[in-house]
Amino acid sequence: MKSFRTDLHIHTVLSPCGDLEMSPANIVLLAKKRGLDIIGITDHNSTKQCKLVWELGQKHGLTVIPGCEMNSREEVHCLGLFEDFDKLNEFQQYIECHLQIIPNDPDIMGYQVVVDEDGNILEEVDHYLGAVLNVSIEEMQQKVHELSGIFIPAHIDRRQNSLYGQLGIFPPELKADALQISKLADETAVREKFNISTGMTLVKFSDAHYPEDLGKTYTIFEMHEPSFTELRKALSGDGGRSVRIPL
């Protein structure tokens, strides 16, 4: 087994709350500089910047997992991660079918731009990407798994936009591959507070919106190689693979 520093919750300039310095090129260079082996690109309710980050990662020896951070009808934020771009593109269509359309005001909510390798703006999204999808968290999870994706409720310990903050419980029908805790949270304390069994994998990622946050928080994945298939197996503890939050 090998150890891989992994951060699967990173935002680009496309997210309304993402800093304009979070360009694909800067993200890849910072990830390499700070010792990350695997990153996930998870903009709010959009996958449009994933392909370029993946291409740049290929050039620099960095594994990039495409995905997004969805916002359910109950306003629970969750990560969806996908193995290939066919499935990712299908999920983008799903988002576009269900996203509540609210005009974006850049001065209030932030800019939402798709950029090229040099940071030139290719597209500005005019509807607010932080809005909700008109589907429940269970429906959202089912769609991710239908596309063979990985489903992880995000920052579950927060008071807002989290599984326990919005719902107060773990829905009995929900099938999560792991639960993400916030970067300052203590794993043992979170398990005790929400009565989370050791059978449920917890992970910790940066949720980086600014360059200074990228790489500060990560999870160690013990597995054979930096691939989507191995990530899934590590989350379930398959064949001696494991996941560990550094102290």
Y128: closer than 20 Å to M22 by Cβ, modelled with pLDDT under 95 and of a type in the set (S, T, Y), yes or no? no
Looking only at segment 212-234, filter to residues that are among the hydroxyl-bearing types (S, T, Y) and in contact with a Leu (Cβ under 9 Å, 6 or more places away or on another chain); which one of those is surrounded by the most Cβ atoms within 10 Å (Cβ to Cβ)? Y218
So which residues in segment 56-104 are assigned to a strand (DSSP E or B), touching a His at 6+ places or on another chain (Cβ under 8 Å) and either surrounded by 20 or more Cβ atoms within 10 Å (Cβ to Cβ) or of a type in the set (A, V, I, L, M, F, W, C) (or both), if there are any at all? C68, E69, M70, N71, H77, L79, L99
Please go through segment 187-211 and give me each residue that is within 15 Å of D7 (Cβ to Cβ) and out of contact with any Leu (no Cβ under 9 Å at 6 or more places or on another chain), ordered by number. K204, D207, H209, Y210
Within segment 208-226, which residues are within 15 Å of R34 (Cβ to Cβ) and not basic (K, R)? A208, Y210, P211, E212, D213, L214, G215, T217, Y218, T219, I220
Flag for K32 being part of a helix (DSSP H, G or I), touching a helix residue (DSSP H, G or I) at 6+ places or on another chain (Cβ under 9 Å) and basic (K, R): yes
Within segment 105-121, restricting to residues that are among the hydrophobic types (A, V, I, L, M, F, W, C) and in a helix (DSSP H, G or I), the one that is farthest from H44 (Cα to Cα) is I108
Got a sec? Which of G18, G40 is assigned to a loop (DSSP other than H, G, I, E, B) and surrounded by 18 or more Cβ atoms within 10 Å (Cβ to Cβ)? G18
Close pairs from segment 116-135: first without any contact (Cβ under 8 Å) to a residue 24 or more places away in the chain, partner surrounded by 12 or more Cβ atoms within 10 Å (Cβ to Cβ) and acidic (D, E), Cβ under 8 Å, at least 6 apart: L122/D116
Consider segment 122-146. How many of its residues are in a loop (DSSP other than H, G, I, E, B) and not small (G, A, S)? 7
Quick one: which helices (runs of 4 or more DSSP H) sit completely within segment 147-247 and have at least 2 residues that are at pLDDT below 95 and touching a strand residue (DSSP E or B) at 6+ places or on another chain (Cβ under 8 Å)? none
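The values are calculated or read from the model by the stated rules, or taken from the named source; none is laboratory data. The structure displayed is predicted, hence computed values, not measured ones. Quick reminder, even Gly has a Cβ in these numbers, built from the backbone with ideal geometry, and neighbours come from all protein chains shown.
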